[in-house]
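Before I ask anything, here is the structure I am working with.
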Amino acid sequence: MKILLLHPSNQEVYQNIQQSVTKLDKKSAKTPPIGIMYLAAVLKQNNYDVEILDAEASNLNLQETLKEIRRINPDILGMTCTTPLYNAALIIAKDLRKDNKQMKIVLGGPHISALPYESVSNPEIDFIVKGEGEYSFLNLVKGIEKSKNEKNYDFSQLKGIGYLIDGKPFLTPPQELIQNLDELPFPARELTDMDKYLKLYTGKKYSLMVTSRGCPYQCIFCDSVITFGKRTRFRSPDNVIAEIKELVEKYGITDITFSDDTFTLDKERTIEICKKIVENNLDIKFICSSRANTIDEERLEWLKKAGCIQITFGIESGDDNILRIIKKGITTDMARKAIALVKKYGIGTHASYMLGNPGETLETVRKTINFARELDTDYAQFSIATPFPGTEMWDMASKQGLIKIKDFSKFTWYYSPTFETKELPGELLIKLQKEAYGLYKGGKQGQNEDKK
């Protein structure tokens, strides 16, 4: 069987976003689809014929994407869906169904995991994969293969999937999370054109790496735990180093972004990875994420030695009460100390903030904007608080009837508020976001790594 894994394009989603404030050209930045690269690697490991179509990296619009899918003509089409890409995935599925009833169409990704019943209710979709997808999707592919010869094959024995039975949604029990991440093959980067993945501002070739999965914190806006759970699972330092060596030696990539929720979570492991980078003479530069409560001088000393050039912090708000409401688990004073400490070691700083959180007022938003100017990080990202499905913020906003937009393509963080209050109507939030970018270092600094 031929299997095609698709990352739909963001073109239609972001085409109306105004660039004048952020000075950001979306076409200059491409993010490797690391999730489907892992799926592809597992399929290849099991001797399946698999291709990756990254419509975003190839600048394909919907019609061009459909044309390419029809050219490849796969037996199974797997599409990954973030919330803003969900509509595009459905359009693709419906269009393909016009002339192809045999192709099996499968949806997976964070949005599908958050709203599995709603997702599987679309008759154009044959199956969904819920949660961590590598083994659920592999077993589903095996099941589809067996069903060609076994007329009454029972898909209900497979974990982590959903499908329609007599027009009604049916979900199987969840697939167990992968406890030993070292058992996974490295992402199948060879199935993509790695030269297309360039960083913002620098235009330099780079790649993402994931060294852990799961987050133990309780932030009400984060959808990571829906897929990967609340207990963090770590790859071993040796396994991480082996992948770095592959990036350097096979792909010529020395610029890496560690996209873990919190790369610095485990102090001893963070230091051990950094020591091994130095010991192996790996001349790399990397960006990672941290929290105000998971950074200290010893970690920073080794991060600097290993080639860390920037650390991203989710600061979110300049008001301690708002930080408490969104369950961030830090205070503004902790943020001040963390940013100052990173600057002391000459490492670049990036901070992300959210405007319009539950409980916000015009006063608290302005406190956040002023706090960002006070911290004076090298880069700052000002997002409009967005209640992504499956998060506590989604539940909170839904119960209070605050979600005003049902179009999932609008759930983008930028210039399209999806919920609002009397104190902060949508138009005002957009104005405040533009003001934040305009005031921050004269509008010359904006978003950094854009997680689409």
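The values are calculated or read from the model by the stated rules, or taken from the named source; none is laboratory data. Just so you know, these numbers come straight off a predicted model, no measurement behind them. Neighbour counts run over all protein chains shown; Cβ positions are idealised from the backbone, glycine included. Ligands, DNA and RNA are stripped out before the accessible areas are found, and what is left, the full protein with its side chains, is counted by its heavy atoms. Shrake-Rupley method; radii C 1.70, N 1.55, O 1.52, S 1.80 Å.
Name the residue that is modelled with the highest pLDDT, counting only residues in the stretch 406-428 that are in a loop (DSSP other than H, G, I, E, B), farther than 22 Å from Thr364 by Cα and open to solvent by 50 Å² or more (accessible area, probe 1.4 Å).
Looking at the filtered set, the residue picked out is Asp407.
Report, by residue number, each residue of the stretch 300-330 that is touching a residue at least 24 places away in the same chain (Cβ under 8 Å), surrounded by fewer than 23 Cβ atoms within 10 Å (Cβ to Cβ) and among the charged types (D, E, K, R).
Glu301, Lys304, Lys305, Asp319, Lys327
Same structure again: In contact with a helix residue (DSSP H, G or I) (Cβ under 9 Å, 6 or more places away or on another chain) and among the acidic types (Asp, Glu): which single residue out of Glu176, Glu145 fits that description?
Selected residue: Glu176, the only one of Glu176, Glu145 that is in contact with a helix residue (DSSP H, G or I) (Cβ under 9 Å, 6 or more places away or on another chain) and among the acidic types (Asp, Glu).
Also, quick follow-up: Could you tell me whether Pro110 is touching a Ser or Thr at 6+ places or on another chain (Cβ under 8 Å) and either on the phi > 0 side of the Ramachandran plot or open to solvent by 20 Å² or more (accessible area, probe 1.4 Å) (or both)?
Details: touching a Ser or Thr at 6+ places or on another chain (Cβ under 8 Å): yes; either on the phi > 0 side of the Ramachandran plot or open to solvent by 20 Å² or more (accessible area, probe 1.4 Å) (or both): yes.
Spelling it out, Pro110 is indeed touching a Ser or Thr at 6+ places or on another chain (Cβ under 8 Å) and either on the phi > 0 side of the Ramachandran plot or open to solvent by 20 Å² or more (accessible area, probe 1.4 Å) (or both).
Per-residue answers, yes or no, for (1) of a type in the set (S, T, N, Q); (2) modelled with pLDDT under 50; (3) under 28 Å from Lys148 (Cα atoms):
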| position | (1), (2), (3) |
| --- | --- |
| Lys2 | no, no, yes |
| Tyr14 | no, no, no |
| Ile17 | no, yes, no |
| Val21 | no, yes, no |
| Leu24 | no, yes, no |
| Ser28 | yes, no, no |
| Pro32 | no, no, no |
| Gly35 | no, no, yes |
| Ala40 | no, no, yes |
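Pairs, please: C-beta under 6 Å, at least 6 apart or cross-chain, first residue closer than 21 Å to Ala114 by Cβ and in the stretch 86-97, second assigned to a helix (DSSP H, G or I) and open to solvent by less than 10 Å² (accessible area, probe 1.4 Å)?
Taking only residues 6 or more apart or on different chains, the pairs are Tyr86/His111.
To continue, here is another question. Enumerate the pairs (first residue in the stretch 102-130 and in contact (Cβ under 8 Å) with a residue 40 or more places away in the chain; second residue anywhere and of a type in the set (Val, Ile, Thr) and surrounded by fewer than 21 Cβ atoms within 10 Å (Cβ to Cβ)) with beta-carbon separation below 7 Å, excluding pairs fewer than 6 apart on the same chain, so at least 6 apart or on different chains.
Close Cβ pairs satisfying both conditions: Lys104/Ile144; Pro110/Ile226; Ser113/Ile226; Ala114/Ile226.
Output the number of residues of the stretch 381-409 satisfying the condition of being in contact (Cβ under 8 Å) with a residue 40 or more places away in the chain and farther than 22 Å from Glu316 by Cβ.
3
Quick one: would you say Val141 is touching a Phe, Trp or Tyr at 6+ places or on another chain (Cβ under 6 Å) and either open to solvent by 40 Å² or more (accessible area, probe 1.4 Å) or not polar (S, T, N, Q) (or both)? Don't jump to the end; show me each part of the working.
Numbers: touching a Phe, Trp or Tyr at 6+ places or on another chain (Cβ under 6 Å): no; either open to solvent by 40 Å² or more (accessible area, probe 1.4 Å) or not polar (S, T, N, Q) (or both): yes.
Judged against the criteria, Val141 is not a match.
Next up: Just the residues that are farther than 22 Å from Ala436 by Cβ, among the hydrophobic types (A, V, I, L, M, F, W, C) and not in a strand (DSSP E or B), please, taken from the stretch 287-330.
Ile295, Leu300, Trp302, Leu303, Ala306
Hey, another quick one. Go through the stretch 195-246 and give me each residue that's open to solvent by 50 Å² or more (accessible area, probe 1.4 Å), assigned to a strand (DSSP E or B) and either in contact (Cβ under 8 Å) with a residue 60 or more places away in the chain or of a type in the set (Lys, Arg) (or both).
Within the stretch 195-246, Leu198, Lys205 qualify.
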